[in-house]
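Below you'll find the structure, written out as structure tokens, and then a few comments.
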Amino acid sequence: MDLGTVIGLVLILALLAGAMAMGVGIGAYIDIPSVLIVIGGSMGALMIAFKPVQMKKFMKVFMIAVKPPEEDVAELIKKLVAYSSKARKDGLLALEGDANNESNDFLRKGLSMAIDGSEPDTIRTLLEIEMEQTGARHKAHSSIFSTWAGIAGAFGMIGTLIGLVAMLLNMADPSAIGPSMAVALLTTMYGAIIGNVLGTPVANILDIRSSDEMLIKEIVLTGIMSIQDGDAPRDLEAKLLAYLPPEHRESSI
């Protein structure tokens, strides 16, 4: 689990719930019509805005924000340097067993193409296409949540207008003003909570996750091309360590 994301979500919800409980109680902030307008309406609008296959991945994408796939970049660099040493000593064909057992799909694909004797330009082109398509999919996934933030806020305003219209039409009946006013205010609150707790922050952390994955793929691409070119392991390590912050650049050679 990403403790920052989990603690942030829990902290926000706990503080909001505590503030409500210290006032008039949490029950006063629960309003079914407001829930139907904001949550139901915004989810319906998302179903219009995105393809069904994208919406099916809604929870899976959310869980990436909470529990991202882990990749030890330092260990990845050490692995690429080891592959480079083995290739220079025994030839590219010696990496065939390593490629078959490689857990990183992107690295396995690149190694396999290098071992098969594919041209460097072909390998680079194919791997860059995969990187571009992966980035495009990630952008589409994060846009679900950024779009949700805007749509939820808009439906909050729609709910406010619905509540105000109902209140104005029932000015002669004081007992009807309270429920209508509750809808008007709570829909705005629900929209703001969705947008600023689940919408924009999740979209932002998904963009960061995407950038992290693209960095790993860039390191792998650089490593594959260097291994195929026969670069010295020390030169390859120096090249790959340049992708890391200075405080994390530790040589293993």
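Dividing the helix sum by the residues of the chain, where each DSSP H run of 4 or more adds -39500 (n - 2.57), gives a mean residue ellipticity at 222 nm of -25000 deg cm²/dmol. Estimated at 0.36 nm per residue, the fully extended path between Ala94 and Leu36 surpasses their Cα-Cα distance by 14.7 nm. If the segment from Ala49 to Arg234 were pulled out straight at 0.36 nm per residue, it would be longer than the present Cα-Cα gap by 61.6 nm.
Provide the convex hull volume over Cα atoms per residue for the range 22-79, in Å³. Roughly 152 Å³ of hull volume per residue.
Straight-line reach from Lys57: which lysines have Cα under 24 Å away, leaving out those fewer than 8 places along the same chain? Within the straight-line cut-off, Lys57 pairs with Lys67, Lys139, Lys217. Expressed as a fraction of 2.2 N^0.38 Å, the value expected for a compact globular protein of N residues, the C-alpha radius of gyration of the range 106-223 is 1.84.
Exposure check, 1.4 Å probe, all protein chains in place: Val10 carries approximately 90 Å² of accessible surface. Under the simplified labelling scheme, the Arg108-Val6 pair shows an inter-label distance of 2.8 nm, with each label point 7 Å from Cα along Cα→Cβ. Simple rule: put +1 on each Lys or Arg Cβ and -1 on each Asp or Glu Cβ in the chain, find the dipole, and look at Ile158, Gln133, Met63; the Cα lying farthest toward the positive end is Ile158. When the Cα positions of Ala28, Met113, Ser226 are compared along the charge dipole of the chain, Ala28 comes out farthest toward the positive end, with charges on each C-beta of Lys, Arg, Asp and Glu. For the range 198-253, the dipole from Cβ point charges (+1 on Lys and Arg, -1 on Asp and Glu) about the Cα centre works out to 60 debye, to the nearest 20. What FRET efficiency would be calculated for the residue pair Glu132, Ser175, taking the C-beta separation as r and a Förster radius of 41 Å, to the nearest 0.05? My answer for the efficiency is 0.10.
Put simply, the C-alpha atoms of the chain give a gyration tensor, and the ellipsoid matching it has half-axes of 54, 19, 12 Å, longest first. What's the local net charge at Ala166, with K and R +1, D and E -1, over the other residues with C-beta under 13 Å away? Cβ neighbours under 13 Å give a net charge of -2. What net charge is computed for the residues neighbouring Ile77, neighbours being all others with C-beta under 14 Å from the C-beta of Ile77, Lys and Arg scored +1, Asp and Glu -1? That sum, taken over residues with Cβ under 14 Å, equals -2. Accessible surface area normalised per residue over the chain is 55 Å², counting heavy atoms of protein chains with a 1.4 Å rolling probe. For the range 186-253 versus the range 112-146, the spacing of their alpha-carbon centroids is 15 Å. Normalised by the number of residues in the chain, the mean separation of alpha-carbon contacts (under 8 Å, six or more apart) gives a relative contact order of 28 percent.
For the range 39-142, the fraction of alpha-carbon pairs lying more than 21 Å apart is 53 percent, rounded to a whole number.
Counting protein heavy atoms only, the chain has 64 percent of its accessible area on carbon and sulfur, 1.4 angstrom probe.
The values are calculated or read from the model by the stated rules, or taken from the named source; none is laboratory data. Everything quoted here is computed from the prediction, not taken from an experiment. We place every Cβ from the backbone using ideal geometry, glycine too, and count neighbours over all the protein chains shown. Just so you know, the surface numbers come from the protein's heavy atoms only, side chains and all, with ligands and any DNA or RNA stripped out. Shrake-Rupley method; radii C 1.70, N 1.55, O 1.52, S 1.80 Å.
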